């Protein structure tokens, strides 16, 4: 019986570590922010607190998947001139009781970058993913783990 318990605890630990991995590293985000490449980019960082933190959030820009991100992780994608749609959805069991979040924004400049933070608004038994557009300075402080002031 003891061997059986150790096996399940080990398996759970491995699954937990795998579920928390992924997303962009700080150096990749920093390089993408500082690059002078053509075309606008959208930067999205997750700040959903501890609720559903082991579940990844899928991020789509104009229907294109730009990544699955965990807590404090970032996804980067391309925008287009005109109206763009950003949508996020939570996976796993938490996704069953959490509604998706969407935001639309109009990009008038070809090389303009946009910055967003994903949050969660909780109700009694459900939650809603929220998307808030922020300044580049606020995004950098959140995504690059420097000083952060709560503004949501």
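For segment 55-66, how many residues meet the condition of being under 8 Å from the mean Cα position of the chain (by Cα) and surrounded by fewer than 19 Cβ atoms within 10 Å (Cβ to Cβ)?
1
I want to confirm something. Restricting to segment 138-152 and keeping residues that are more than 25 Å from residue 91 (Cα to Cα) and surrounded by 10 or more Cβ atoms within 10 Å (Cβ to Cβ), which single residue is modelled with the highest pLDDT? Steps first, please.
Pass one, segment 138-152, residues more than 25 Å from residue 91 (Cα to Cα): 138, 140-141, 146-151.
If we keep only those that are surrounded by 10 or more Cβ atoms within 10 Å (Cβ to Cβ) too, we end up with 138, 140-141, 148, 151.
Numbers: 138: 90, 140: 87, 141: 83, 148: 40, 151: 38.
Here the answer is 138.
Being surrounded by 15 or more Cβ atoms within 10 Å (Cβ to Cβ) and assigned to a loop (DSSP other than H, G, I, E, B) is the filter here, so list the residues in segment 101-137 that pass it.
113, the sole residue that qualifies.
When segment 74-88 is examined, which residues are found to be assigned to a strand (DSSP E or B), at negative phi and surrounded by fewer than 16 Cβ atoms within 10 Å (Cβ to Cβ)?
78, 83, 85, listed by residue number.
Kindly evaluate residue 65 against the criterion of being in contact with a strand residue (DSSP E or B) (Cβ under 7 Å, 6 or more places away or on another chain), in a strand (DSSP E or B) and free of Cβ contacts under 8 Å to residues at least 24 places away in the same chain.
yes
The values are calculated or read from the model by the stated rules, or taken from the named source; none is laboratory data. In this text the structure is predicted, and so the values were computed from the model without any measurement. So basically every Cβ, Gly included, is an ideal-geometry build from the backbone, and we count neighbours across all protein chains shown.
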